[in-house]
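The values are calculated or read from the model by the stated rules, or taken from the named source; none is laboratory data. Note that the structure is a prediction, hence the values are computed from the model and not measured. We place every Cβ from the backbone using ideal geometry, glycine too, and count neighbours over all the protein chains shown.
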Amino acid sequence: MPASEPVLGTAENPEITDADTADGGEVATIGSGRLILSSLVRNRLALVGLGIVVVIVLFCYLGPVFYHTNQVKVQLNLEELPPGSGHPLGTDASGYDVLGRLMLGGQSSLELGFAVAIATTVFGTLYGAFAGFVGGVVDGLMMRVIDTFLALPTIVLLLILVNLVTPTLWMIILLLAALSWLGVARLVRGEVLSLRTREFVEASKVMGGTNWRIIIRHLVPNCIGVIIVSATFTIADAILMLSTLSFLGLGLPPPHADWGSMMSDGLNYLYDGYWWLVYPPAIILITTVVAFNMIGDAIHDSLDTRVRSR
Amino acid sequence: MTTYLLRRVGQAIAVVIGVMVLTFIMIHMVPGSAARATLGLKATPGRIAIFNSVNGLNEPLIEQFFTYVKQVMHGNLGTSYSLQQPVSTLITQRLPIDLVLLGPSTVLSLLIALPLGIYQAARRNSIGDNTVTVVAFILYAMPDFFFAMLLIAIFSVQLNLLPSDVPEASSVAGILSDPKALVLPILTLTLLSIAGFSRYMRSSAIDALAQDYIRVAKAKGLSERLVLFRHVARNSMLPIITILGLAAPGIVAGAVIAEEIFNYPGMGLLFFKAATSQDFPVMLGSTLVVGVATVLGNLVADIAYSLLDPRIRYASE
């Protein structure tokens with residue numbers, strides 16, 4: 001075990017894991033996928049989180065099938081109607097139905113969150129696994145790159161980067177992913193550092209496995225828990241960061257809608273009493289972010305052998 | 001220990017150089033010229049050419065970078081394009097003002113978050129723990145800007161209790177002239193960072209509770225209060241030192257948004273205004289200062305951690 005750096009994280013401490021496995025604990029007998037699933041079912045908060053995510057996904061994707069609204073044509077004669085018959089949550093400054101817009105905006109918020117999480121996870125995992133597996137000078141250099149990015153506040157980097165590009169959906173996804181992969185890369189590297197000396201890696205090497213084969217077939221699957229945890233947090237963070245961008249006027253331009261842009265548009269009317277333009281998108285955005293965090297937290301706990309064994 | 005220190009300092013230097021390269025590359029990729037941003041859209045090509053040559057913008061990028069590094073070493077961060085003042089003056093003016101905001105809010109949030117985390121760990125999975133967890137999650141999930149605007153809507157607009165704007169001032173005394181105006185910005189940053197800190201403290205205290213020395217303390221018949229405050233608190237607070245180092249950029253990030261909303265004249269507002277007017281020297285300067293401060297903070301945190309926790313011995317392998 002490389003004793004050069006303080007091991008802070010919980011699931012990262014290989015000694016603990018070794019001891020538990022030797023005790024014949026659950027770790028040895030149950031696959032990590034099933035372990036995660038079973039602990040999700042046991043954890044009340046995680047179940048609630050999962051339930052919320054399912055409901056919100058259904059609301060955004062099935063909702064428009066049953067609840068038809070005009071989200072294309074600006075109708076100024078319908079602007080800023082308070083909630084009432086025909087418009088359960090009122091209308092906004094362009095005459096769009098707020099409830100219908102929540103569904104539409106939710107689709108792009110969720111899709112963006114997932115897209116960023118996927119891009120982040122793939123790149124961050126490979127980066128971290130490679131650095132940890134290769135070690136030495138290469139690892140040192142690769143980690144200093146991460147440290148450099150981590151030393152600067154995300155918002156500062158984002159403010160600079162957003163000035164560089166036209167904010168299309170793909171650009172925003174790319175930008176958010178470019179700023180989000182650092183965490184997962186560090187975590188995966190930490191895991192790989194402790195895994196690379198294990199027998200199964202040695203065995204694969206002896207059998208002539210290439211570096212990339214060992215990384216992808218053996219090391220990455222063993223880090224799946226850490227990877228899933230950080231992916232769920234990334235979804236939540238991406239949705240939040242997009243909303244901050246919208247607030248700073250650097251988000252996706254209209255007619256695009258997402259919860260963040262609805263929220264920051266609505267804030268302009270907060271002091272005029274048009275509460276239905278602010279609180280519905282705020283509540284659904286916050287609820288979604290909370291739900292993803294609860295799921296991530298529960299999986300994190302389930303991977304922490306010390307917490308579980310008590 | 002010495003080997004570790006040397007290596008750690010070496011890493012810090014590498015990261016500082018990385019920060020400089022990174023900000024330099026990014027800022028020089030910004031489209032639209034600095035000359036236009038400063039001189040206005042009606043500037044003649046002649047004036048733009050003069051501006052570019054005076055500010056060294058015609059030199060090759062590599063040379064501009066080395067000139068910049070040389071200047072930084074001499075404490076010269078350039079002159080702001082839009083404010084016509086040395087960047088170092090602007091930053092030294094703003095830093096103490098930022099301490100008035102960041103100091104109290106960080107201390108307050110730690111004072112609240114640490115006991116809260118210990119309570120949660122001691123009563124794990126109780127209704128109290130779950131309630132605090134949910135509240136922390138909600139606070140964490142609130143976009144910074146929304147939370148600040150919500151506080152303004154409640155305390156400034158509805159109740160008319162507190163001002164929503166900090167006085168326009170360029171000194172600490174000026175900021176303190178209206179203490180009531182500081183309440184909302186400090187409250188915003190405090191509540192936002194409680195969420196994160198209390199989560200870390202909870203998991204750190206859970207780790208501590210599982211240790212043998214806690215079992216020994218309990219077996220000796222110590223009251224739960226004593227066990228929690230004397231043994232759990234002290235041991236679980238150690239990792240928070242590292243977290244505090246790592247949280248520095250996040251605190252600054254929160255400050256950018258909060259300062260923008262409350263019009264608080266700190267580094268965050270300085271950076272925000274520079275970013276919207278493409279004021280390169282200010283952007284470079286403040287990003288550099290924040291980056292270097294973070295790197296130093298992490299370095300100090302790591303060293304403090306190794307000194308405070310005798311279990312950690314940095315063997316040189």
ask   = Which members of segment A:128-167 meet the condition of being under 23 Å from B:Leu246 (Cα atoms) and of a type in the set (Ser, Thr, Tyr)?
value = A:Thr148, A:Thr154
ask   = Residues in segment A:254-276 that are over 23 Å from B:Ala258 (Cα atoms) and touching a helix residue (DSSP H, G or I) at 6+ places or on another chain (Cβ under 9 Å): how many?
value = 5
task = Show the residue pairs that are 6+ apart or on different chains and have beta-carbon atoms under 8 Å apart, the first residue being within segment A:254-272 and crowded, with 16+ Cβ neighbours inside 10 Å, the second being among the charged types (D, E, K, R).
result = A:Ala257/A:Arg101; A:Met262/A:Asp92; A:Met262/A:Arg101; A:Asp265/A:Asp92; A:Gly266/A:Asp92; A:Tyr269/A:Glu80
query = Would you say B:Ala208 is surrounded by 18 or more Cβ atoms within 10 Å (Cβ to Cβ), more than 15 Å from the chain's Cα centre (by Cα), small (Gly, Ala, Ser) and facing chain A (nearest Cβ under 8 Å)?
reply = no
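Every residue, every condition in (1) at pLDDT 85 or above; (2) under 20 Å from the mean Cα position of the chain (by Cα); (3) within 28 Å of B:Phe155 (Cα to Cα), yes or no:
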| site | (1), (2), (3) |
| --- | --- |
| A:Trp212 | no, no, no |
| A:His218 | no, no, no |
| A:Phe233 | yes, yes, no |
| A:Gly251 | no, yes, no |
| A:Gly266 | no, no, yes |
| A:Leu277 | no, no, yes |
| A:Val289 | yes, yes, yes |
| A:Asn293 | yes, yes, no |
| A:Asp301 | no, yes, no |
ask   = Limited to segment A:233-245, what total is found for residues that are surrounded by fewer than 24 Cβ atoms within 10 Å (Cβ to Cβ) and either among the hydroxyl-bearing types (Ser, Thr, Tyr) or in contact with a Lys or Arg (Cβ under 9 Å, 6 or more places away or on another chain) (or both)?
value = 1
ask   = Are there any pairs with C-beta distances below 7 angstrom linking a residue in segment A:81-104 that is touching a residue at least 24 places away in the same chain (Cβ under 8 Å) to a residue that is among the hydroxyl-bearing types (Ser, Thr, Tyr), with the two at least 6 apart or on different chains, and if so which?
value = A:Asp97/A:Thr69; A:Asp97/A:Thr91; A:Val98/A:Thr91; A:Leu99/A:Tyr67; A:Gly100/A:Tyr67; A:Gly100/A:Thr69
ask   = Only one of B:Val16, B:Val9 is in contact with a Gly (Cβ under 8 Å, 6 or more places away or on another chain), at pLDDT 80 or above, of a type outside the set (S, T, N, Q) and assigned to a helix (DSSP H, G or I); which?
value = B:Val16
task = Run down A:Ile160, A:Ile146, A:Ile155, A:Ile173 and say which single residue is buried (at least 20 other Cβ atoms within 10 Å of the Cβ) and more than 14 Å from chain B (Cβ to nearest Cβ).
result = A:Ile173
task = Could you please let me know if B:Leu95 is within 30 Å of B:Glu168 (Cα to Cα), in contact with a Phe, Trp or Tyr (Cβ under 7 Å, 6 or more places away or on another chain), part of a helix (DSSP H, G or I) and not polar (S, T, N, Q)?
result = no
query = Do any residues in segment B:217-233 that are touching a residue at least 24 places away in the same chain (Cβ under 8 Å) have Cβ atoms under 7 Å from those of residues that are in a helix (DSSP H, G or I), where the two are at least six apart or on different chains, and which pairs are they?
reply = B:Leu228/B:Ile118; B:Leu228/B:Ala122; B:Val232/B:Ile118; B:Val232/B:Ala205; B:Val232/B:Ala208; B:Val232/B:Leu209; B:Val232/B:Ile214; B:Ala233/B:Ile118
query = closer than 30 Å to B:Leu238 by Cβ, buried (at least 17 other Cβ atoms within 10 Å of the Cβ) and either within 13 Å of another protein chain (Cβ to nearest Cβ) or not polar (S, T, N, Q) (or both), is that true of B:Leu83?
reply = no
task = Determine whether segment A:119-128 contains at least one residue that is in contact with a Lys or Arg (Cβ under 6 Å, 6 or more places away or on another chain) and buried (at least 22 other Cβ atoms within 10 Å of the Cβ).
result = yes
task = Would you mind telling me which numbered condition in (1) touching a residue at least 60 places away in the same chain (Cβ under 8 Å); (2) surrounded by fewer than 17 Cβ atoms within 10 Å (Cβ to Cβ); (3) within 27 Å of A:His218 (Cβ to Cβ) A:Val137 fails?
result = (1)
remark   = The lone condition B:Leu161 fails out of (1) outside any helix (DSSP H, G or I); (2) touching a Gly at 6+ places or on another chain (Cβ under 8 Å) is (2)
request  = Could you run through segment B:215-256 and say how many residues are closer than 28 Å to A:Ala151 by Cα, crowded, with 17+ Cβ neighbours inside 10 Å and among the small types (Gly, Ala, Ser)?
outcome  = 7
ask   = Among the listed residues B:Phe66, B:Phe24, which satisfies the condition of being in a helix (DSSP H, G or I), out of contact with any His (no Cβ under 7 Å at 6 or more places or on another chain) and modelled with pLDDT under 80?
value = B:Phe24
query = Quick check: is even one residue across segment B:263-272 within 22 Å of B:Tyr140 (Cα to Cα), crowded, with 22+ Cβ neighbours inside 10 Å and out of contact with any Pro (no Cβ under 8 Å at 6 or more places or on another chain)?
reply = yes
query = Hey, does segment A:221-230 have a residue that's at pLDDT 85 or above and either among the small types (Gly, Ala, Ser) or on the phi > 0 side of the Ramachandran plot (or both)?
reply = yes
remark   = Of the residues in segment B:141-175, those that are closer than 16 Å to B:Leu192 by Cβ, in contact (Cβ under 8 Å) with a residue 60 or more places away in the chain and of a type outside the set (Gly, Ala, Ser) come to B:Asp144, B:Phe145, B:Met149, B:Ile152
